[in-house]
């Protein structure tokens, strides 16, 4: 089979490598970036591993690729995606709807609100002084700061558990803001955060799973927020409460769209109900490598082709998948990434290229590779992932070692137990 993977930041590099290992022909269709300071490093990613061309050139020659499966690994280039669909190409992922859900928060909230999914109360501001006055008027409520534009780590959560103290923390943070973007203050809700994803074929749900992730970069939930420091994936019934009270509320919309793909919801399960956070209907940070590397029993190429042809028959193992992200503290290009050859099938690469037989860092991301593991419990899955992580070596290597721990606020093991006890699983 032939696959064209449309990418911007090479989130699908690991998928491309696995498809090649299965004997398929793969081409990267690359959208450029606007940060000229990063262009050289961005251009290094995937060199010597997967052929790549600018997406504009690939689109010009698309008739020569009519037999290919076109996979979007991120939400970008929506016009190209919709054109391919209109012309009868086999496309999976991306498109106008998914792009809107990820990048237009107001449109996303309007959409889910129609079906009864509510976010925590949120209040929009364009300047810190107005927000300061607001927080002083509501001094007994804790809020999270979320800029409209900025890096992941700029989202700010108070560390104090007591609401009034958390409010004072936020006021100090607002006084020191350097990001001039508009922002929202979202009421902090006490509960269990998780993510549910449902797969659809022509609008009908066929499979559901859950991902519980940790977003802080350092052990003990210290450090910056990142996309995902580590996570656990496991199959859940479509009929379970976690699905029915989150994505399940949107089933009528997916049926109306005759949607084929995955629909997700990130939410908090609290004692006063479900509170919606966001939808991110694309191949996620660790989530889909976790699902496809650890739980999927079918070859990756067959699974993606089945989605593109709207004939999905899920085949996933019970138990738990675990991943852990390996970072380079100070990203640099040209540094060797070393690992046993036998381990390659359990790694998902992101920020690498090849020079001959050497695997080297591109220095575009700090996230270099994900180590994957499977187990029948959360602790045994973590033991497998972390055992493999220790065998990968590169300068400045760092990763979390406490995935099965219970002594920090967002412990996945404790969250899983809580969701079970609350009747969501």
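Against the condition touching a helix residue (DSSP H, G or I) at 6+ places or on another chain (Cβ under 8 Å) and crowded, with 19+ Cβ neighbours inside 10 Å, how does residue 138 come out, does it pass?
Working: touching a helix residue (DSSP H, G or I) at 6+ places or on another chain (Cβ under 8 Å): yes; crowded, with 19+ Cβ neighbours inside 10 Å: no.
No.
Looking at region 149-175, which of the residues that are over 13 Å from residue 188 (Cβ atoms) and in contact (Cβ under 8 Å) with a residue 40 or more places away in the chain is surrounded by the fewest Cβ atoms within 10 Å (Cβ to Cβ)?
Out of the qualifying residues, it is 175.
What number of residues within region 364-395 satisfy the criterion of being at pLDDT 95 or above and out of contact with any helix residue (DSSP H, G or I) (no Cβ under 6 Å at 6 or more places or on another chain)? Even if it seems obvious, please write down each step before you answer.
So in region 364-395, the residues at pLDDT 95 or above come out as 364, 368-395.
With the extra rule that they be out of contact with any helix residue (DSSP H, G or I) (no Cβ under 6 Å at 6 or more places or on another chain), the set shrinks to 368-369, 376-377, 379-387, 389-390, 392-395.
Qualifying residue count for the region: 19.
If I go through region 176-226 residue by residue, how many of them are out of contact with any helix residue (DSSP H, G or I) (no Cβ under 9 Å at 6 or more places or on another chain), in contact (Cβ under 8 Å) with a residue 40 or more places away in the chain and outside any loop (DSSP other than H, G, I, E, B)?
Count: 6.
Cβ-Cβ distance below 8 Å, separation of 6 or more or different chains: which pairs start in region 42-71 with a residue that is assigned by TED's automatic domain parsing to the domain that holds residue 13 and surrounded by fewer than 13 Cβ atoms within 10 Å (Cβ to Cβ) and end on one that is in a helix (DSSP H, G or I) and modelled with pLDDT under 95?
Every condition considered, no pair remains.
Look at residue 310 and say whether it is more than 19 Å from residue 18 (Cβ to Cβ), touching a residue at least 24 places away in the same chain (Cβ under 8 Å) and under 20 Å from the mean Cα position of the chain (by Cα). Outline the logic, then answer.
Values: more than 19 Å from residue 18 (Cβ to Cβ): yes; touching a residue at least 24 places away in the same chain (Cβ under 8 Å): yes; under 20 Å from the mean Cα position of the chain (by Cα): no.
The answer is no for residue 310.
Those residues that are farther than 25 Å from residue 289 by Cβ and in contact with a helix residue (DSSP H, G or I) (Cβ under 7 Å, 6 or more places away or on another chain), I need them from region 66-83; list them, please. Steps first, answer last, please.
As a first pass, look at region 66-83 and keep what is farther than 25 Å from residue 289 by Cβ: 66-67, 79, 82-83.
Selection gives 82 alone.
The conditions are (1) within 18 Å of the chain's Cα centre (by Cα); (2) under 13 Å from residue 18 (Cβ atoms); (3) in contact (Cβ under 8 Å) with a residue 60 or more places away in the chain, and residue 296 fails exactly one of them. Which is it?
Of everything listed in (1) within 18 Å of the chain's Cα centre (by Cα); (2) under 13 Å from residue 18 (Cβ atoms); (3) in contact (Cβ under 8 Å) with a residue 60 or more places away in the chain, residue 296 misses just condition (3).
For every residue, the table says whether it meets (1) closer than 24 Å to residue 228 by Cβ; (2) modelled with pLDDT of 90 or more; (3) touching a strand residue (DSSP E or B) at 6+ places or on another chain (Cβ under 9 Å).
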site	(1), (2), (3)
106	no, no, no
112	yes, yes, yes
121	no, no, yes
131	no, yes, yes
141	no, yes, yes
147	yes, no, yes
156	yes, no, yes
159	yes, no, no
164	no, yes, no
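The values are calculated or read from the model by the stated rules, or taken from the named source; none is laboratory data. From a predicted model like this one, the values you see are computed outputs, not experimental measurements. All Cβ positions, even for glycine, are placed from backbone atoms using ideal geometry, and neighbour counts span all protein chains on display.
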